[in-house]
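> Below is one structure. I have some questions about it.
The values are calculated or read from the model by the stated rules, or taken from the named source; none is laboratory data. Here the structure is a predicted model, which means the values were calculated and not measured. Cβ coordinates were reconstructed from backbone atoms using ideal geometry, including for glycine residues, and neighbour counts include every protein chain displayed.
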Amino acid sequence: MEFEFTNEGTESLIVSGIMYECDQPDCSDAQPLEEVAVQGFYCYEGVSCSAVAYGFKPYHRIELTFADGRTLESNVFETVGFISNYTVTVREMDLLVEERFDFADFLRNIFNSVCCFGAGFALLPLGMVFQRRKK
C-alpha cells in the first residue's frame with residue numbers, strides 16, 4: 001500500500017505513524033500492523049508512507065504524528081488490493097484516506113501476471129525433460 005499526501009492547511013512533516021488493521025468495518029477491533037521482517041508501516045522523509053504485509057486484514061485506519069505536534073487519525077478504509085494506492089488529505093482535525101486509481105500500476109500488475117504465467121508455462125517443458133531423464 002502506498003500513501004500520497006495532500007494538505008488542506010499548513011504543511012507539516014510526518015514524524016511517525018501507525019497503521020491499524022481491523023476485521024470489523026467500524027475498526028472496533030483495531031490492532032497495530034505488526035512489524036515483522038519487512039512487514040510494517042513506514043513513512044519516508046516526512047512526506048510519504050507505505051505499508052507492507054504478508055496479508056492485509058480487510059479494514060484499516062492510520063494515525064500520524066506531525067512535526068508541529070498534532071496527532072491525527074484517519075477514517076476507516078478498505079484494502080482494495082495487494083498493491084494499492086491511496087491519497088491522504090491532511091485536514092485540520094483528521095485525515096481523509098481515499099483510494100487512488102493509478103493506470104500505470106494497473107498495467108504493471110497485468111504485465112507482471114502475464115510474465116509470471118509465461119515463465120511458468122515456458123519452464124514446464126524443461127521440467128518434463130528432466131523428469132524423463134530420471135527414468
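> Quick one: count up the residues across region 43-52 that are exposed (fewer than 14 other Cβ atoms within 10 Å of the Cβ) and assigned to a strand (DSSP E or B).
Looking only at that region, the number is 1.
> Applying the selection to region 24-62, what residues are of a type in the set (Lys, Arg) and over 14 Å from Phe3 (Cβ atoms)?
Lys57
> What pairs come up if the first residue lies in region 59-70 and is touching a residue at least 24 places away in the same chain (Cβ under 8 Å), the second is aliphatic (A, V, I, L, M) and exposed (fewer than 13 other Cβ atoms within 10 Å of the Cβ), and their beta carbons are under 8 Å apart, counting only those six or more places apart or on different chains?
Phe66/Leu13; Ala67/Leu13
> Does region 68-81 contain at least one residue that is more than 14 Å from Val97 (Cα to Cα), within 11 Å of the chain's Cα centre (by Cα) and assigned to a loop (DSSP other than H, G, I, E, B)?
Checking region 68-81: at least one residue is more than 14 Å from Val97 (Cα to Cα), within 11 Å of the chain's Cα centre (by Cα) and assigned to a loop (DSSP other than H, G, I, E, B).
> Please work out which residue is nearest to Val15 (Cα to Cα), limiting yourself to region 26-52 and to residues that are modelled with pLDDT under 95 and of a type in the set (Gly, Ala, Ser).
Gly46
> Would you pick out the residues in region 78-88 that are surrounded by fewer than 16 Cβ atoms within 10 Å (Cβ to Cβ) and polar (S, T, N, Q)? Lay out the reasoning, then the answer.
We begin by selecting, within region 78-88, every residue surrounded by fewer than 16 Cβ atoms within 10 Å (Cβ to Cβ); these are 78, 80-83, 87.
Thr87 - this is the single residue of region 78-88 that is surrounded by fewer than 16 Cβ atoms within 10 Å (Cβ to Cβ) and polar (S, T, N, Q).
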